[in-house]
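S.K.: Take a look at this one; I'll ask things after.
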Ligand SMILES: NC(=O)c1ccc[n+]([C@@H]2O[C@H](COP(=O)([O-])OP(=O)(O)OC[C@H]3O[C@@H](n4cnc5c(N)ncnc54)[C@H](OP(=O)(O)O)[C@@H]3O)[C@@H](O)[C@H]2O)c1
């Protein structure tokens, strides 16, 4: 069944994999991007590759055959809508240029969606970052989705922001990591609090340290805290899990942590 998916963070690592998966599954995707032209650089996008890379980003069970690589290439640029006329097997991509800190832009992108994915993350030099990016964006998502009557949200969080509560994490790591990433983790926790306080059907996906390996589809998942000994997971596998979570009720109102 094809769906209408809203996606924040599509120009990023995890978000790029989510985008590639969603389009390859034939979903209609509405993306919010500050700089839509960066979408053309996403190496995971089927249209830009020689082979079917999105297959590794999507759940294997749902990729029964090889995904059709795009013929001729898709033009990705700022604009309202980019129909995939040359790639009938792929979903349509709509791009809204805007910032997740702007409530109106977020509301526009989530309106009419069956599900919303957010893989936002702070970028650029610390001096130019908004310390509350994730919390403010989450508040905008909750308000926009509430208003539009959209219920399902699959949102990237971070396992590290919660390790002080993990009975299986050593005291040394608990003492160091939260200090090093104090500001970033505070934003993550506020983001989670805003989403948990909402009426949405949320899943807060908590990766351990992100790496850029290809998707394996083989990672461990544990509620709230990383699987014992788990330290890292690839962005592609996080996207893989997010795609699976869309079709499974098991992770509704839950915070699954991912690691190999
Ligand atoms: N690094 C780790 O080891 C680690 C571990 C666990 C969890 N995480 C979490 O994982 C998340 C995603 O990681 P990632 O590596 O996939 O992220 P990433 O590659 O840095 O991508 C971040 C995305 O957010 C977008 N974004 C940032 N500010 C925005 C704004 N104001 N408006 C609209 N879009 C905005 C970026 O767009 P632009 O292209 O416009 O910048 C980009 O698409 C982060 O939230 C991070 O906290 C990270």
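S.K.: Which order results if 118, 198 are arranged by neighbouring Cβ count within 10 Å, fewest first?
M.R.: Ascending Cβ contact count within 10 Å gives the list 198, 118.
S.K.: If I model a spin label at residue 181 and residue 164 as a point 7 Å from the Cα along the Cα→Cβ vector, what separation in nanometres do I get?
M.R.: Between residue 181 and residue 164, the simple spin-label model gives 1.5 nm.
S.K.: Give me the distance in nm between label points sitting 7 Å out from Cα along the Cα-to-Cβ direction at residue 197 and residue 223, one decimal.
M.R.: 2.4
S.K.: Can you give me the Cα centroid spacing of segment 132-187 and segment 188-213 in angstrom?
M.R.: Cα centroid of segment 132-187 versus Cα centroid of segment 188-213: 5 Å apart.
S.K.: For segment 131-230, report the convex hull volume of the alpha-carbon atoms normalised per residue, in Å³, without decimals.
M.R.: For segment 131-230, the hull spanned by Cα atoms encloses 119 Å³ per residue.
S.K.: Go ahead and run the numbers for FRET between residue 1 and residue 211, Cβ-Cβ distance against an R0 of 41 Å, rounding to 0.05.
M.R.: Efficiency for this residue pair is about 0.80.
S.K.: Can you figure out the FRET efficiency of residue 127 with residue 189, using R₀ = 30 Å and their beta-carbon distance, to the nearest 0.05? Before the final figure, lay out each step's value.
M.R.: Numbers: r = 23 Å, r/R0 = 0.75.
Calculated value: 0.85.
S.K.: With labels modelled as points extended 7 Å from the Cα through the Cβ direction, what inter-label distance (nm, one decimal) is found for residue 111 paired with residue 254?
M.R.: 3.5
S.K.: In what sequence, highest mean first, do 102-109, 122-129, 166-173 appear when ranked by Cβ atoms within 10 angstrom?
M.R.: Details: 102-109: 19.0, 122-129: 9.6, 166-173: 11.6.
With the highest mean Cβ count within 10 Å placed first, the list reads 102-109, 166-173, 122-129.
S.K.: In whole Å and largest first, what semi-axes does the C-alpha gyration tensor of segment 184-251 yield when each eigenvalue is scaled by 5 and square-rooted?
M.R.: 21, 16, 11
None of the figures in this text is laboratory data; all of them are computed from the coordinates on show. Computed from a predicted model, the values in this text were never measured in an experiment. Here the Cβ is made from the backbone with ideal geometry for all residues, glycine too, and neighbour counts use every protein chain on show.
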